[in-house]
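No value in this document is a laboratory result; all are computed from the given coordinates. Keep in mind that what you see is a predicted model, and the values were worked out from it rather than measured. So basically every Cβ, Gly included, is an ideal-geometry build from the backbone, and we count neighbours across all protein chains shown.
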Amino acid sequence: MLNAKIIFALLYDLLLLFAVWFFAALPFVIWQGPGFEKNPLTLVIFQLYLVMISYVYLSYFWLQTGQTPGLRTWKLRLVRLDGYLPTRHDANKRFFFSLISIASLGLGWIWLFFNNQGQTLHDRLSHTQIIHSEHEG
């Protein structure tokens, strides 16, 4: 059941992240003007900008409470293996390994279904885990 909750939390967070990307993209698009995506360098810079926005958004929640909105909704929490909230270093590692997980066509998320501890591959590599939360905030 934990694995299903983790996937639902991911989907919920992705929906919210898409909204964040939309509003974060507005200043960039206005600044660059129509057709900016035709310039390969500008497109790469735009993608890196969205990755940075994602990092700020996710790490904020990880570091404050261990709960993104999706994790909070499903009463889950991201913690280190010792049960404490992630540090900045832990958040950096988890985000980096998450990017690799996504780039490998979701291999890190598929790992979740073959791991009896309920860890994604990026959780395992960053020494974090998602657990049931005792309380919501």
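A few notes on this one:
- For the chain, calculated [θ]222 nm from helices alone, where every DSSP H run of n ≥ 4 adds -39500 (n - 2.57): -20500 deg cm²/dmol
- 0 to 90° range, to nearest 10: angle between helix 88-103 axis and the chain longest Cα axis: 70
- Ranked list, fewest to most other Cβ atoms within 10 Å of each Cβ, for VAL20, VAL56: VAL56, VAL20
- Taking the inverse of the mean reciprocal distance over all distinct Cα pairs, the Kirkwood hydrodynamic radius of region 1-121 comes to 15.7 Å.
- Shape class of region 59-137 from the alpha-carbon gyration tensor: prolate, with a/c at 1.5 or above and a/b greater than b/c.
- The gain in end-to-end length when the VAL51 to TYR84 segment is fully stretched comes to 9.3 nm, 0.36 nm per residue minus the alpha carbon separation.
- Tilt relative to the chain, helix 40-64 - C-alpha long axis, 0 to 90 degrees, to 10: 30
- Considering only alpha-carbon pairs that sit under 8 angstrom and 6 or more positions apart, the relative contact order computed for region 46-125 is 20 percent.
- Judged by the mean number of other Cβ atoms found within 10 Å, the most tightly packed of the peptides 21-33, 80-92 leads the ranking 80-92, 21-33.
- Magnitude of the charge dipole for the chain, about its Cα centre and with charges confined to Cβ atoms of Lys, Arg (+1) and Asp, Glu (-1), is about 80 debye.
- Rounded to the nearest 10 degrees, the inclination of helix 2-32 to the longest alpha-carbon principal axis of the chain is 20 degrees.
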